[in-house]
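Working notes for the structure below.
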Amino acid sequence: MHIKIYFEDKPVFLCDELTTELNELLRHPDAVFIDELSANALKSLLHEIVKPEFHAGVVIHKDLSKLKKAFFKNFTLIEAAGGIVQNESKEILFIERLGKWDLPKGKMEKGETEEEAAVREVEEETGVKGLKLKRKEGKTYHTYNAFGKHFLKTTHWYYMQCKNEQHLKPQSEESITDIKWVSTKNIKEPMANTYPSIKDILRIFFDEP
């Protein structure tokens with residue numbers, strides 16, 4: 001098993017075994033491999049990540065939960081939730097924020113469940129109504145810096161369905177400038193200008209039977 005965390009577009013894998021995928025990744029000359037669980041080793045990795053030549057990182061330990069706890073200690077943790085929304089025409093709902101295509105999502109509020117937060121964020125950011133929550137698709141991890149702090153955000157993704165008749169309204173206060181429905185045949189357009197974590201969760205979605 002592994003946990004994939006993005007630092008911008010650079011992945012760091014926390015794992016309890018080396019898969020074929022990870023072994024291939026480690027062949028890159030600028031990939032970093034760490035096989036010890038120590039504060040100094042993890043801080044060394046975080047130092048390497050900021051270098052332009054850094055390609056990817058792999059940290060391995062037999063106890064993945066222990067590794068995750070030690071790694072996450074270096075960040076202020078944020079929980080978020082969002083939706084992969086599909087209408088009756090099987091189109092996927094995308095939002096444009098800060099020049100990139102994205103899926104609607106946002107921070108969970110105190111006392112909310114993941115499901116409640118996911119539905120609320122989709123409604124607030126897009127104006128879509130009558131959402132039917134179907135299943136959880138998975139979760140993604142990415143980091144960012146703000147106000148001098150290092151944040152690690154876990155986003156819980158849910159598949160939702162809705163009717164075609166919708167009044168879409170971008171939530172401008174969240175820097176959303178456009179919203180559109182995208183058919184499967186045209187999915188490459190937004191996928192060419194989105195975040196790696198969004199590509200990952202949509203691959204999971206489309207690979208399901």
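Throughout, read-outs are computed from the coordinates displayed, never taken from laboratory work. Since this is a predicted model, take the numbers as computed values, not measurements. For neighbour counting, all protein chains shown are included, and Cβ atoms are generated from backbone atoms with ideal geometry for every residue, glycine included.
Points worth noting:
- By the count of other C-beta atoms within 10 Å, a proxy for reagent exposure, 189, 79, 165, 96 are ordered fewest to most as 165, 189, 79, 96.
- Neighbour-count ranking [beta-carbon atoms within 10 angstrom, fewest first] of 42, 77: 77, 42
- Remark on the chain: Rg and Dmax equal 18.1, 55 Å (Cα only).
- DSSP bridge pairs, the chain: antiparallel proportion in percent, nearest 5: 60 percent
- Residue order, fewest to most surrounding Cβ atoms within 10 angstrom, among 95, 201: 201, 95
- Estimated from the Cβ-Cβ distance and a Förster radius of 30 angstrom, the FRET efficiency linking residue 146 and residue 53 is about 0.75.
- Only one residue of 5, 206, 65 has its Cα farthest out toward the positive end of the dipole of the chain, where Lys and Arg carry +1 and Asp and Glu -1 on Cβ, and that residue is 65.
- Taken about its Cα centre, the stretch 40-198 carries a charge dipole of roughly 660 debye when the Cβ of each Lys and Arg holds +1 and the Cβ of each Asp and Glu holds -1.
- Loop trypsin sites (Lys or Arg not before Pro), the stretch 1-65 (other Cβ atoms within 10 Å of the site Cβ: 11 or fewer; DSSP): 27, 62
- Amide H partners (placed H, <5 Å) of residue 134, local residues excluded: 159, 160, 161
- Coupling constants for the stretch 29-40 follow from the phi torsions by the Karplus curve (6.51 cos²θ - 1.76 cosθ + 1.60, θ = phi - 60°), and in residue order they are x, 9, 8, 10, 10, 10, 10, 9, 9, 9, 4, 5 Hz; glycine and proline get x.
- Counting only residues at least eight positions apart within a chain, or on another chain, the aspartates and glutamates with an alpha carbon under 13 Å from that of residue 66 are 16, 36.
- Distance violations [Cα-Cα > 25 Å] among 68/90; 136/199; 4/136; 107/129; 69/100; 107/185: 68/90; 69/100; 107/185
- Calculated from backbone phi, Karplus (6.51, -1.76, 1.60) coupling profile of the stretch 81-97 in Hz, x at Gly/Pro: 8, x, x, 9, 9, 10, 8, 5, 8, 6, 8, 9, 8, 10, 10, 10, 9
- Largest mean-square fluctuation among 153, 129, 185, in a Gaussian network model of the chain whose springs join Cα atoms under 10 Å apart, belongs to 185.
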